[in-house]
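Structure first, then comments.
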Amino acid sequence: MSTNMHSAIVIGAGISGLKSSIELNKNGIDTIILEARDRLGGRLHTVTTESGLKLDLGASWMHDCLYNPLLKKSIEKGNVKYYFDNGKFTFHDKDLGIVDDNHKLHPVVQEMSDYLQFVCGQLSHSDDVSVKNAALRYLQDKKATLTETQIKLAPQLLRYYEMWIGSSWNVLSARLISGDAHLGRDAMVTNGYRTIYDNELEELYEVVGTRDVVGSYIKLQKVVFAIEFSEETRKICVKTRDYSGNVESFYSDYLICSVPLSVLKLEDKSEKGHIEWNPPLPKTITSKLKGLSYSHLGKVFFEFDSPFWPTDADRFFCIPQNDEQMTYSVQTNANVTFDNLKIDPVLNRTPTPWTLPVLFLNINRGTGKPVILALTSNPLTEYVETHSFEEFWPIFRAGLASISNLQESQVPIAKDVVKSEWNNDPYARGSYLGCAVGDLIDEALEALTDAQDIFDGRGRVRFVGEALAEQGNGCAHGAWMTAARESEKIVKLANRGKL
Ligand SMILES: Cc1cc2nc3c(=O)[nH]c(=O)nc-3n(C[C@H](O)[C@H](O)[C@H](O)COP(=O)(O)OP(=O)(O)OC[C@H]3O[C@@H](n4cnc5c(N)ncnc54)[C@H](O)[C@@H]3O)c2cc1C
């Protein structure tokens, strides 16, 4: 029998692919992983800087601490360091500095969030609007009860939602956004999310009886470009290409596909990562994939000689400046609506500081290191990825000056800057599942989760990953849970021996 013949093949060595392989191998189903990149982990990506700092370019929090299974396992293992960074959180405005409670902005923003949840959450798919348009509607409706400062600042504060997903408020769906809240606190991992991934790897070592898994159980640099099913042999054939262009075929009875939906939905064969299915994926799936968007959260770590920002706070949100068109239309009752965009706008010139939201996370608080992390949403994420430090530094310097109560000229130049590049990574194509106006998330996830009509209709192909999570959607633990759920289905199928 060919060594390329296995009971199951998993595509992708992110956390969902790894968990799938553990569960299948544990249940006696001989399984290998085929991974396009030359490294493990997918969107769990810890890098070590020259000064020895471990920085997470992908996931860094264990969210949903009320039920997060990765937190539970981390506690059992005792080797994951983390701290809860839901402490002091300050909000900064270009002109006002720290926004204090005198303006009673937070209750207004809370009311706007309630408006999103209880009013916009009831909108039909076709009536869906962007968060920006929803903010405008709220202000028009409630302006008699709001101060001038509240009308100007509250909608900009609402843009904090952009930092959850990574897309601009022109794109985010008012109907879908509030269904996205986390359950419980956020535990920020300080010794690298890779430790969590490695704990899973340890489990794989135990299951397969060797630590020598890369090359045998996990094959790197295998870019899957075709998946075929033979009616004659009743086998799935997965075709890969390595970085030298060599093609290799692997065969199996079962397949778990964990590639991000941003990759799965590619239609252009010439795009890196594109997978050609033969027979093609059913229309019930491909049509739904078209109706999904991907988000664009970005990270920029700044390392200094010593911290100069307030070290007693966890988070600092730099509120973008007032949208004059919005304020004017509220004040004059002008009948204005903004375009509900499907894709974030692209910045053709250097953005002016304070026009886009930036969330700073004080990494110093949990690690003692002189590091601060900026989270960005599109279009700033795309701008940072494609421009030099000199070009994007002024945007962050302005925010850092404000939170530290310094003149911009007093802000030291960072000694090291590390940025994420997920938008332009062909095997990620963004950060995680988005929620743009008009997205049909539930319908798409149902089509992919229930997928029975692929190949011979026996359920031998399953999809896993963050986007398919019922709980923890978009998150590492959500991805892990989909793997547990879908591999169990294959184990049941294999045990029934009915292929
Ligand atoms: C900037 C950022 C911040 C985040 N922050 C958090 C956070 O704080 N907390 C949290 O819980 N989550 C966070 N996430 C999300 C989290 O990282 C993901 O949900 C999780 O890592 C996804 O795991 P996965 O297995 O579904 O996908 P992936 O990790 O993407 O794994 C899929 C694998 O498939 C491979 N692949 C793709 N195409 C092919 C192909 N054609 N052939 C072979 N292999 C292929 C990829 O290389 C990849 O390794 C963040 C993500 C980003 C980008």
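Just so it is clear, none of the values below were taken in a lab; they were calculated from the coordinates. Not measured: the values here are computed from a predicted model. Every residue, glycine among them, receives a Cβ derived from its backbone with ideal geometry; neighbour counts consider all protein chains shown.
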Inset, instruction - Run the quick spin-label model on residue 244 and residue 77: label points 7 Å from Cα toward the beta carbon, then report their separation in nm to one decimal. - result: 3.4
Legend entry - Estimated distance in nm for a label pair at residue 443 and residue 409, the labels positioned 7 Å out from Cα along Cα-to-Cβ: 5.8
Legend entry - region 380-499 - percent relative contact order, Cα under 8 Å, separation 6 or more: 14
Inset, instruction - Report the charge-dipole magnitude of the chain in Debye, nearest 20, computed about the Cα centre from +1 at each Lys and Arg Cβ and -1 at each Asp and Glu Cβ. - result: 680
Legend entry - Entries in 94/152; 269/299; 222/489 that, when Cα-Cα distance is taken, lie over 24 Å: 269/299; 222/489
Inset, instruction - Using only Cα atoms, tell me the angle between helix 131-142 and the longest principal axis of the chain; keep it within 0 to 90° and round to the nearest 10. - result: 40
Inset, instruction - Calculate the length of the line joining the C-alpha centroid of region 158-218 to that of region 350-400, in whole Å. - result: 21
Inset, instruction - Output ³J(HN,Hα) for region 119-127: one whole-Hz value per residue in order, computed from phi by the Karplus curve 6.51 cos²θ - 1.76 cosθ + 1.60 with θ = phi - 60°, and x for Gly and Pro. - result: 9, 5, x, 8, 5, 6, 3, 6, 9
Legend entry - Packing-based ranking, highest mean first, of 168-175, 244-251 given that Cβ atoms within 10 Å are counted: 168-175, 244-251
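Could you give the length gained on full extension between residue 328 and residue 230, defined as 0.36 nm per residue of separation minus the Cα-Cα distance, in nm?
Value of the extension gain: 28.9 nm.
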Legend entry - Under-17-angstrom lysine pairs by C-alpha in region 1-84, whenever the two are 8 or more apart or on separate chains: 6
Legend entry - Three-way shape label, region 265-374, alpha-carbon gyration tensor, a/c 1.5: oblate
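Would you mind ranking 238, 336 by Cβ crowding within 10 Å, fewest neighbours first? Kindly include the intermediate steps, with their values, before the conclusion.
On the way: 238 25, 336 14.
Arranged by neighbour count, lowest to highest, 238, 336 become 336, 238.
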Inset, instruction - For the chain, find the longest principal axis of its Cα atoms and tell me its angle to the long axis of helix 476-496, 0 to 90°, nearest 10. - result: 20
Inset, instruction - Can you tell me the relative contact order of region 144-297? Whole percent, Cα pairs under 8 Å, sequence separation 6 or more. - result: 20
Inset, instruction - Rounded to the nearest Å, what's the spacing between the alpha carbon centres of region 46-79 and region 240-287? Just the number, please. - result: 30
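Mean 1/r over all different Cα pairs, inverted: what Kirkwood radius does the chain give, in Å?
In the chain this quantity evaluates to 23.9 Å.
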Inset, instruction - May I ask for the angle, rounded to the nearest 10°, between helix 389-404 and the longest principal axis of the chain, with both axes built from Cα atoms and the value confined to 0 to 90°? - result: 60
Inset, instruction - Return the calculated 222 nm mean residue ellipticity for the chain, to the nearest 500 deg cm²/dmol, obtained by summing -39500 (n - 2.57) across DSSP H runs with n ≥ 4 and dividing by the residue count. - result: -9000 deg cm²/dmol
